[in-house]
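Below is one structure, written out as structure tokens; the observations come after it.
The values are calculated or read from the model by the stated rules, or taken from the named source; none is laboratory data. The model shown is predicted, which means the values in this text are computed figures rather than measured ones. Don't worry about glycine lacking a Cβ; one is built from the backbone with ideal geometry, like all the others, and counts go over all protein chains shown. Accessible surface areas use protein heavy atoms only, side chains included; no ligands, DNA or RNA. Shrake-Rupley method; radii C 1.70, N 1.55, O 1.52, S 1.80 Å.
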Amino acid sequence: LVVAADVASRLQRSVPAWTIGSDAEEVAEAVRKVAGDASFWPTPWLGGLFSGHLQTIWYGLNIFSPQIAHREDVWRTADGGTLALAWPDVPASVAADAPIVLILPGLCGSIAGTAHTLRAMISQGLRPVVLHARGCGRPLTSPRFSLFGSTEDLREALMRILTLRPGARLLLHSISAGTALMVRYLGEEGAATPVAAAFANCPGYDISVCLSRCGALYDSAFYIGVLKRHWLRGQNGAVLRRAAPEVCRRMEESRDMHSFMVAASPFAAAPEAPPKEGLGSPASVIGRGIGSVPPAAARTEARPRAQTWSPGSSRAAARPSDASSGVLEADASTVANAIAAYLGQISP
């Protein structure tokens, strides 16, 4: 009966509502101006009681993810590491000066797992590009990596994009664990960032909260295996074992993601600058799936306020105020629509 009632509640038209934030009504009004009442028909089998589990399993299976033709811009860092920008092919209809969206994938992610997001962005006239961090997309060439990426590497990638396309409007779109890198970078850069706006999809940037909510089913039974295969097998494993076999042994013996992160910490980049107050760019935090966590970084005075907008809409778009970030439940199309709508409301 509980399951039936849960499904029945989603067999009707829904209207999103802002539920958190002192300026929630102000942001809701901006949403109404962009998308009217933003009402939508939810997907019954992907919502409610089992939403997070079904979405996570579906994403993990990756059965229907299309292949995206792309080219890679690859370069070596000063310490011998390898970074790359994966540029998907775009049709001639995408303007030469189209805004560029740099996508920061989740754990061990690359362009291979972002096809739906890329297609949705291209359909909105945006020019997406995916950051291939150290050991992701391309194997390690030096024994240095961080599970959640390096802000120094991100700076290098952003500057490379601006060198290739000077004057381009830059945006960041991060997914799951990629949000940790994005939020850290924006906090370090403050108002100096060249990024016009940032979007966090399925935010996992408060790692302690994220891991505490992951659960043993995904942590010890799934994700730890993914991490070990990615970092301790193949060329990645060969590079790391040559440099520090004892560290690799401790990584191999890890039983969960937390212990793996602790064991792998000697390979991480050097400590980076402390964050400045605020994020420097308007930020929209888009929550969905089992990995979603509340925007804990927004709960301190040094961070923007946050709102939650739920449930998700396939047609909705949000324009947060400069002093706040929005938390929106969404899918790839929603994200692309939100970015396009947002760009239409901010000055170049």
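Assorted remarks:
- Failed item, numbered, when P203 is tested on (1) open to solvent by less than 20 Å² (accessible area, probe 1.4 Å); (2) within 17 Å of F267 (Cβ to Cβ); (3) touching a residue at least 40 places away in the same chain (Cβ under 8 Å): (2)
- Residue check, V183 part of a helix (DSSP H, G or I) and either hydroxyl-bearing (S, T, Y) or surrounded by 24 or more Cβ atoms within 10 Å (Cβ to Cβ) (or both): yes
- The conditions of being in contact with a Leu (Cβ under 6 Å, 6 or more places away or on another chain) and surrounded by 13 or more Cβ atoms within 10 Å (Cβ to Cβ) are met by V129.
- Taking the numbered list (1) at pLDDT below 95; (2) in contact with a Cys (Cβ under 8 Å, 6 or more places away or on another chain); (3) open to solvent by less than 20 Å² (accessible area, probe 1.4 Å) in turn, S110 passes all entries but (3).
- Single residue of segment 186-234 satisfying the filter (part of a strand (DSSP E or B) and not small (G, A, S)) that is farthest from L172 (Cα to Cα): N201
- Test: residue in segment 217-224 that is modelled with pLDDT of 95 or more and of a type in the set (A, V, I, L, M): no
- Meets criteria (charged (D, E, K, R), at pLDDT 95 or above and under 20 Å from D256 (Cα atoms)) for R233: yes
- Of all residues in segment 93-134, those being among the acidic types (D, E) and in contact with a Phe, Trp or Tyr (Cβ under 7 Å, 6 or more places away or on another chain) number 0.
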